[in-house]
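Engineer: Sharing a structure here in structure tokens format.
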Amino acid sequence: MTMAFKGLNSFVIALEKTEELVCIKPFVDPILEVTEISDRVTKSDGKALLFENTGTKFAVLINAYGSDRRMSMAIGRKNLNEAGTEIENILKNVSDNSETFLKKLSSLPTLIKLTSILPSKLGRRGKNNASRPGQGPCQRDPEHQSTRAFRWKTGQGAQ
């Protein structure tokens, strides 16, 4: 069991290649329009949406894991049952009381494979990890425009 993608960018590229993603290039207002469009697409079991222009520095990806097919893609499986069966078999082998200690020990490589899908810490606290993905400094004083909250309907949420 290994990670199917190196990060979100490679997953987005895969979604695009498999026609599971709709890229929306024109400006869409994040206050009400993004949520309205997302609501309609999600309720109709639609594709993932990438809003490229919301008036902020960031693109907005919505509904990326909104179908069994996309979730299966994300974890590198043909379907979700395949992953569940794989994990169930690993745990069954380890917890089977009729197995000898040596037999259980032989399942150790399989258990180690499970650790490859778990989140990991890339560095120690206090160390400068800016060169590692996702480990750079956080934006301490974000601009108002870059942190706009999405609203479902008028009067809800905050700007």
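Engineer: Describe numerically, in nm with one decimal, the distance between label points set 7 Å from Cα along Cα→Cβ at Arg69 and at Leu91.
Structural biologist: My value for the distance between the label points is 2.9 nm.
Engineer: Between Lys25 and Lys113, what is 0.36 nm times their sequence separation minus the Cα-Cα distance? Round to one decimal in nm.
Structural biologist: That pair, Lys25 and Lys113, stretches by 27.7 nm at full extension.
Engineer: If you add up the charges near Asp68, with Lys and Arg at +1 and Asp and Glu at -1, over every other residue whose beta carbon is less than 15 angstrom from its beta carbon, what do you get?
Structural biologist: +2
Engineer: Additional query: Residue by residue, what Karplus-based ³J(HN,Hα) values in Hz, rounded to whole numbers, does the range 59-74 have, using 6.51, -1.76 and 1.60 with θ = phi - 60° and x for Gly and Pro?
Structural biologist: 7, 10, 9, 10, 6, 5, 10, x, 9, 4, 4, 5, 5, 4, 4, 4
Engineer: Enumerate the amide H contacts of Val22 below 5 Å, restricted to partners 5 or more residues apart or on another chain; note that Pro and chain-start residues carry no placed amide H.
Structural biologist: Hits under the 5 Å cutoff: Ala48, Leu49, Leu50.
Read the figures in this text as sums done on the coordinates, not as results from a lab. Since we're looking at a predicted model, the values are computed, not measured. Note that we place each Cβ from the backbone using ideal geometry, even for glycine, and neighbour counts take in every protein chain shown.
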